[in-house]
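Novice: One structure, pasted below without further comment.
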Amino acid sequence: LKYASRNGSRLLGRFAHRPLSRPCPFECPPLRRLAREAGPMLACLPAVHRRRRTLSDQEGVFIAGAPEKVQQEIAACIKEDLVEDVRSSLDKTRADLKWGSPCHEETSRVVMKTYSELSDYVNRDQPGKLSRASTIATENDDEHDDADLEEPGMSPSQRAKAVCECHGLDFSQMQGVAADFLRSIGLRPHEVGSRNFSKWRGRTLWNQCFYLSMAYAYLGHQVSVRRVRGLARRFRQAIEAVVLEQHPSWAEGLQASTEGRGQAMVFADFLPLAMRAKDIPAEKNLLAKLVVCIMDSVNGHVEVYIGPGYHELKDRSDQVKNLMLLWYKPAHYQCLVRDDDDGSKLEYTYDEFKQLLSEHGVVFIETLE
């Protein structure tokens, strides 16, 4: 097995392996228009410390990704979307938790509360708890229309496609090759959507595909949409509460990223921090017992976030349940499921899944701390 272990968190920023010293050369009309609209954001990519490719990386991808120059241009075109998604979600979490208000509880207690609520929510289905049917019946979240409103302008995938076309590359064909690889190992992407709703007032939460995909990956296909949304909300609050507690300055950093002056953060960057949250009892720290594998459809890498408690799970069934497989497209996440009629969960542990991909020579980049 060829795989690389790295410390720290840096998903999606790997597009920006090197900072650009000048604006990206957008030569076709659609991208010239995008460059004008983006303004100073595209002046340069931030000079951040990201994992650089090695020869083994080049040999170990599951698809032949676009050249590095093209990946940099794609990163620049979708950067604003990534930053805005995270900023908006953190703002809503801050409001939901009344973070910083006069009646706000001590931050450590709020974090503990979000982790306890997450743990209690998933343990409802365990022996001695409510049955799955009872849980769904007692969940008090309102149902909402699933129809997402289309936002004006080009989507991130359309912009990535335009970048590739300007370089004579067929983006759709590249994505088709990635899908073919998934089918060869018995998997396919499952769309869970991008919109969720707050618990109390039913406020719309946009750009929640990361947390919705995590929730579906954990629960599987046999639960209700309401149940998936409920778990996704609790994932969001627990993960982002830790971020707000330990790195309050990140909100300013997101604003700087929006203006093209700082590092772009993405949801997956929060996982190592949340998996190692301080002062959370082991029995309440579900996140510490997860492994999240993200397969990137653009460059063919597999990035893995490993909670420190995953390998302490004794039962194989728990290791299977706690393995999450996600699929990344430009600025969007989907859940990976088995390529069957039901779209069921892959019954593999992380070690078994790693062995499956190693047979195809795929590199793993493991984030261990």
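What follows is calculated from the coordinates using simple rules that are stated; it is not laboratory data. From a predicted model like this one, the values you see are computed outputs, not experimental measurements.
Novice: From the square roots a ≥ b ≥ c of the eigenvalues of the alpha-carbon gyration tensor of region 294-369, which class results: rounded (a/c under 1.5), prolate (a/b over b/c), or oblate? Each step should come with its number before you reach the end.
Specialist: Details: a/c = 1.57, a/b = 1.18, b/c = 1.32.
It is oblate, given that a/c is not under 1.5 and a/b is not larger than b/c.
Novice: Of the cross-linked pairs K98/K289; K289/K345; K98/K278, which ones have a Cα-Cα span greater than 26 Å in the structure shown? It would help to have the intermediate numbers written out before the result.
Specialist: Details: K98/K289 28 Å; K289/K345 18 Å; K98/K278 21 Å.
Going by Cα-Cα distance, K98/K289 fall outside the 26 Å limit.
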